[in-house]
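Down below is the structure, laid out as structure tokens.
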Amino acid sequence: MASDKPTKEAVEQAFAKADKDENGKLTLSEFKACFEEVFNDGEGLGPDAIINMMMSGFDADGDNMVSLDELLKVIGDKKIDEKLMFKTMIKGADKDGNGFLSAAEFKPILEALMDGEDDDEDGPPIEFFMNMGDTNGDQKLSIQELLNIFTGEVEEKDPKEEMKSMFRLYDTDADGMISKKEILGFMKMMGMVDEDDTHADMRMIVNMFMAGSDEDGDGKLNYEEFCKLMDKPE
């Protein structure tokens, strides 16, 4: 999408041009035409699923249409309020209206946000984002938790809660233990393993990671062992 920020007048003109039935509201197809007219970058907005997701970020009253006022509240004069659009998009994805998103509700948003990026089977799965933002371990993300992930806002955390969040990033099966497989999976996901590393290399890396930390010798790290490992000086 082009980086040039539209003026209020440009938005109003594009809205009027797209509003074919002149009812003061844009349908999905009209919204698409309006948005492409505003930015005029030739790239298009992508599949209908992505356009739907974007439209939900503008549709504040939930009538599945976008008025000029709704459009201007997000785009404003000379800038797009991306935080407001994303917040409204999250609310639209909250199908049961409980103020939280489950993994199933969050998945369409993540797919929309990642659209156009290189497909990578080893890329961060939805569970990674859920664990990264889920500060209390309830397997759901609040609107604020999602905003913290995608807007870069950081709330001050209790060090203990921060450590629990880090533990959950590794503990992908949520069994309260971190296995060697989970350690390797995390390292791959974070780009800490080179493509030319052999299985022997990777086993050595994982064993080095766990060396001296697996106090009970069960081949896994429990929360206490993980905390001691993270507290070790580099």
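The values are calculated or read from the model by the stated rules, or taken from the named source; none is laboratory data. Please read these numbers as outputs of a predicted model, since none were measured by experiment. Ideal geometry is used to build each Cβ from the backbone, glycine not excepted, and the neighbour counts take in all protein chains shown. SASA here: full protein model, heavy atoms, side chains in, ligands and nucleic acids out. Shrake-Rupley method; radii C 1.70, N 1.55, O 1.52, S 1.80 Å.
Please go through region 53-100 and pick out each residue that is modelled with pLDDT of 75 or more and among the polar types (S, T, N, Q).
Residues satisfying the conditions are Ser56, Asn64, Ser67, Asn98.
Would you check which residues across region 170-180 are surrounded by fewer than 18 Cβ atoms within 10 Å (Cβ to Cβ) and either over 30 Å from the mean Cα position of the chain (by Cα) or at pLDDT below 90 (or both) and list them?
Residues satisfying the conditions are Tyr170, Asp173, Ala174.
Hey, among the residues in region 196-234 that are polar (S, T, N, Q) and either surrounded by 12 or more Cβ atoms within 10 Å (Cβ to Cβ) or touching a Lys or Arg at 6+ places or on another chain (Cβ under 7 Å) (or both), which one's farthest from Lys164 (Cα to Cα)?
So, considering only residues that are polar (S, T, N, Q) and either surrounded by 12 or more Cβ atoms within 10 Å (Cβ to Cβ) or touching a Lys or Arg at 6+ places or on another chain (Cβ under 7 Å) (or both), the one farthest from Lys164 (Cα to Cα) is Asn207.
Restricting to region 183-195, give me the number of residues that are under 22 Å from Met163 (Cα atoms), free of Cβ contacts under 8 Å to residues at least 24 places away in the same chain and open to solvent by less than 70 Å² (accessible area, probe 1.4 Å).
Within region 183-195, residues that are under 22 Å from Met163 (Cα atoms), free of Cβ contacts under 8 Å to residues at least 24 places away in the same chain and open to solvent by less than 70 Å² (accessible area, probe 1.4 Å) number 5.
Here's a check for you: in region 181-223, which residue that is of a type in the set (Gly, Ala, Ser) and touching a helix residue (DSSP H, G or I) at 6+ places or on another chain (Cβ under 9 Å) is modelled with the lowest pLDDT?
Once the filter is applied, the top-ranked residue is Gly212.
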